[in-house]
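Derivation of every value follows stated rules applied to the coordinates shown; laboratory data play no part. Treat the numbers as computed from the prediction; the structure is a model and nothing was measured. Cβ placement follows ideal geometry from the backbone for every residue including glycine, while neighbour counts extend to all protein chains displayed.
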Amino acid sequence: MTRLSALLTTFVVVFFNTADGGDWRQFRGNAANSVATGEKLPTELSGGSVAWKVELPGRGLSGPIAVGEQILVTASSGYTQERLHVMSFDAETGEQQWERQFKATGRTGCHEKMCVATPTPASDGERVFAFYSSNDLICTDLAGNLQWYRGLGEEFPNASNSLGMSSSPIVVEGTVVAQVESDAEAFAIGVDAETGETKWRIERPRKANWTSPAVLPAEGKRPAMVLLQSSAGLSAVDPESGKVVWEFGDGASTIPSASVVNGKIYIPSHGLTSVRLTPKGGPEEIWNASNLAPATSSPVILDGMTFTVNSAGALSAGDAESGKRLWQLRLKGPFSGTPLASNGHLFFFNERGLAFVVKPSREEGVIISELDLGETILCSPAASNNALYIRSDGHLWKFADRF
Amino acid sequence: MIRALVPLALAVCLAPCMADDISVLRAVGGGAQGAAKARAARDSLVDGGAKNLIPILTAFKGSSTLATNWLRSAFEAIADAEQKAGKSLPKSELLKFVADTTQSPEARRLAYEWLLKRRPELADELIPGMLLDPSPDFRRDAVARLIIEAKAAGGNSAVDVWKKALRGAVHEDQVKEIAKALRDSEVEVNLQKHFGFLSSWKIAGPFDNRDEAGFAAVYAPEKKLDLEASYEGSEGEVKWQPVASDDDYGVVDIAEALSNYKGSLMYATTTYNSSKAQDLEVRLGTPNAWKLWVNGKLVFQREEYHRGTRMDQYKVPVSLQAGANIILLKVCQNEQTQPWAQKYQFQLRVCDSTGSGVAPSARAVSLSQKGASK
């Protein structure tokens, strides 16, 4: 291995293992596992911890992302939800820096709880990749200038779901990866982040799927892989070629997505299943725990514990090494978004707009603060530069400790 | 001398360059085709500033949605820069463009919304006159004002306002509210006609769709449409039988009218008489898998079961011929047992791209026309 490739590998490992104090570039953070390290987020949520709150012009289940000093959000509006918005806000002041609007080229109908701006956008630090239920994949630079536009709903008109699509794209080493999977047509696509051209497109199980890709970071000589989940299981795909490297074929959920922490993969499969790679590079089950099944929120792993929320709103903590359930805590649900984990705390936002912070230990979980935002919250939060960001259909909030 | 010629050369180049740039944006295609050239053309248009706004808007007409998104991004970049620089947009030209109903509805709305940022009072000036505008967004705003007016008037004096509002309404939520108010005042409202739902059908079936295999199977009605024929169906001999919907939204409930045959499919046909050759939309709602033929041509098919249904769930562009147009629909039911997977129905209407129902021509057309499907 040359010094340069060693350096690059080290960078990739660090970049994808956690979101280290700074950017939060995609759904569930840079590592797509909802863990933010190096952040000191406000744990005493109150009106005083709201640094700013700004209005949004449309609905969105998409979460905010953070790139440098910018907070980027998507929305959809109009009677038929055909109007697509991409916006950038100044992280410090909340001032809107720019907004661009587009018209959906694909189907915009969806379940009333969902909306067209359901997938969270992604960024490679230079560009924003906004994706929508209509399968419009839009790339702008950080100043809002359109770079390329893929109307995947127009190119593949049967790849849609009448209930709506929710899978969020990720960016891995210059490739934007999107899952577009429905009963009528299903595929995953790797798009060149710079040009918008298709690098690869692979057929996927033809079944409705709302999960999002995850990332298995590079380790040693093994390059980073994209993990594509479906009812069939989990496929590890080379982001450059689209080649399937290995498959976990024991079935998986079609709503919560897999998380990767410290090289181990936690798959919502028959409850929760922990998988590691064998020396030959294939998947090997470590444990399976049917009593740690997540409902809509994806599993979160923090400080050697797994955290999942079931459909009744019960938070289950499990031992990340053994899968043994440690305790349960009744939370006020329901939840659509995935909690964020940082600095020994879990940050939840339920569908009714109630935010609360849980301090977990191996013995118990304790709710240490609550704040009612008074609006429906269906997205997953973001963390950046010691601040927490969340959005509703009408507003975007920044929470930070005042110094 | 050379220096003196530069402005002249720039001026000569200006119009053709701008037109070239716009042509580049209009030429973008699927798969990010033309994106690199489009970026350069957009930058060039943005550099040209506010004088390019109207040409950009004018180019919306006849462009693909993909291309209008590039045009829109150029317009917004210019308008944004102008406003941030404290400059005003060319109001009179933009107002003139908004008023020109021959232009693209999306482009007119874009111009209007940018004007509105600085002049909120513009809504009061323009919207009341836009009840029958080609833009569904403008119509919606105009109808919303009339709904408020009717509610404020109350009682019988509101009826004329409600009636006026209904003339412009194209969105289901507004139409529902208006229809309820009118019916409460004992005014007859025909929503099927308003939306353009086709309510009289002939249906043949059930045919076998066990294991969802019937979706791909080609049964006799797909080969040749003969309304006098009888077929071997999955439950014995079947013939075409009339089914009419009296539902406001044209829902033909197969499970109720016939039976919820699990693992089956039905063919439904009707004739739409068009006053002229025209491009319209067939809008369909069904929770079942389906195929749609118009005049024997398969125009779309979709194999999805029980992911919800709603009005205008699918929008299928169609080119209709003058006179009779034969519509054939294949509707498939699977064998799911969940309570939420038992619907076996469809609703279908013909409308223009704004969603305004286009009623069939009054001339009677026989349903016994043969050979509609090839």
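Residues in region B:308-334 near a label at B:R183, defined as backbone nitrogen under 19 Å from the 7 Å Cα→Cβ point? Correct set: B:310-312. Dipole orientation for region B:150-237: of the candidates B:N156, B:I203, B:L182, B:N156 has the Cα lying most toward the positive pole (charges on Cβ; Lys, Arg +1; Asp, Glu -1). Eigen-decomposition of the gyration tensor built on the alpha-carbon atoms of region B:196-351 gives equivalent ellipsoid semi-axes of 23, 18, 14 angstrom, largest listed first.
When the convex hull of its Cα atoms is viewed from all sides, region A:9-141 shows a mean projected area of 9.1 nm².
Residues A:V116, A:V237, A:V366 in ascending order of nearby Cβ atoms (within 10 Å, fewest first): A:V366, A:V237, A:V116.
Just to be sure I follow: if Rg is taken over the C-alpha atoms of chain A and Rh is the Kirkwood radius over the same atoms, what is Rg/Rh?
Answer for chain A: 0.93.
Helical content of chain A, expressed as a calculated mean residue ellipticity at 222 nm, amounts to -1500 deg cm²/dmol (DSSP H runs of 4 or more residues, -39,500 (n - 2.57) each, divided by residue number, nearest 500). Histogrammed with a bin width of 5 Å, the alpha carbon distances of region B:136-189 distribute as 4, 25, 38, 23, 9, 2 percent, first bin at zero.
Around the Cα centre of the protein assembly as shown, unit charges on the Cβ atoms of Lys, Arg, Asp and Glu (plus for the first two, minus for the last two) sum to a dipole of about 1020 debye.
Just the number: Rg to Rh for region A:184-326, Cα atoms, Kirkwood Rh, two decimals.
Working: Rg = 15.3 Å, Rh = 15.6 Å.
Radius of gyration over Kirkwood radius for region A:184-326 works out to 0.98.
Sparse packing (at most 14 other Cβ atoms within 10 Å of the Cβ) combined with a DSSP loop state is found for the following trypsin sites (Lys or Arg not before Pro) in region B:64-139: B:K87. In a simple Cβ point-charge model (Lys, Arg +1; Asp, Glu -1; nothing else charged), chain A has a dipole of about 620 debye relative to its Cα centre.
Helix-only mean residue ellipticity at 222 nm, chain B, DSSP H runs n ≥ 4 weighted -39,500 (n - 2.57), per residue, nearest 500. What is it? Intermediate results must be reported in sequence, preceding the final value.
On the way: 13 runs with 147 residues, N = 374.
Helices in chain B give a 222 nm mean residue ellipticity of -12000 deg cm²/dmol.
The eigenvalues of the Cα gyration tensor, multiplied by 5 and square-rooted, give region B:14-106 an equivalent ellipsoid with semi-axes of 21, 16, 11 Å from largest to smallest. When the Cα positions of B:G34, A:G304, A:I368 are compared along the charge dipole of the protein assembly as shown, B:G34 comes out farthest toward the positive end, with charges on each C-beta of Lys, Arg, Asp and Glu. Rounded to whole Å, the principal axis extents of the Cα atoms in chain B read 92, 56, 43, largest first. Here is the list for region A:300-375: GluC sites (Glu not before Pro) lying in DSSP coil, each with at most 15 other C-beta atoms within 10 angstrom of its C-beta, are A:E321, A:E363, A:E364, A:E375. With 30 Å as the limit on Cα-Cα distance, the pairs of B:K117/B:K180; B:K164/B:K276; A:K103/B:K51 that go past it are B:K117/B:K180.
Taking a quarter of the surface of the Cα convex hull of the protein assembly as shown gives a mean projected area of 39.1 nm².
Stretched out fully, how many nm does the piece from A:N291 to A:R352 gain, at 0.36 nm a residue minus the Cα gap? The partial results should precede the final answer.
Numbers: separation 61, 0.36 × 61 = 21.96 nm, distance 2.57 nm.
Between A:N291 and A:R352, full extension yields 19.4 nm more.
Here r is the Cβ-Cβ distance between A:K264 and B:A123 and R0 is 56 Å; the resulting FRET efficiency, rounded to 0.05, is 0.50.
Return the FRET efficiency for the residue pair B:A27, B:A213: r is the Cβ-Cβ distance, R0 is 56 Å, and the value is rounded to the nearest 0.05.
On the way: r = 43 Å, r/R0 = 0.77.
It comes out at approximately 0.80.
Charges were assigned to the Cβ only: +1 to each Lys and Arg, -1 to each Asp and Glu. The resulting dipole of chain B about its Cα centre is roughly 1040 debye.
The calculated FRET efficiency for A:I368 paired with B:A359, based on their beta-carbon distance and R0 = 45 Å, is about 0.10.
Listed by chain and number, the lysines whose C-alpha is less than 29 Å from the C-alpha of A:K359, apart from same-chain residues fewer than 8 away, are A:K40, A:K53, A:K264, A:K324, A:K332, A:K398. Counting every other Cβ atom within 10 Å of each residue's Cβ, A:T80, B:T269, A:T273 order from fewest to most as A:T80, B:T269, A:T273.
Within a 10 angstrom radius of the beta carbon, how do A:R206, A:R276 rank from fewest other beta carbons to most? Write out the running numbers ahead of the final one.
Details: A:R206 18, A:R276 12.
In increasing order of surrounding Cβ atoms, one gets A:R276, A:R206.
Under the combined filter of DSSP loop state and at most 16 neighbouring Cβ atoms within 10 Å, region A:58-120 retains these trypsin sites (Lys or Arg not before Pro): A:K113.
Semi-axes of the equivalent ellipsoid for region A:130-213, computed as √(5λ) from the eigenvalues of its C-alpha gyration tensor and ordered from largest down, come to 21, 13, 11 Å. Comparing Cα centroids, region B:203-232 and region B:93-162 end up 48 angstrom apart.
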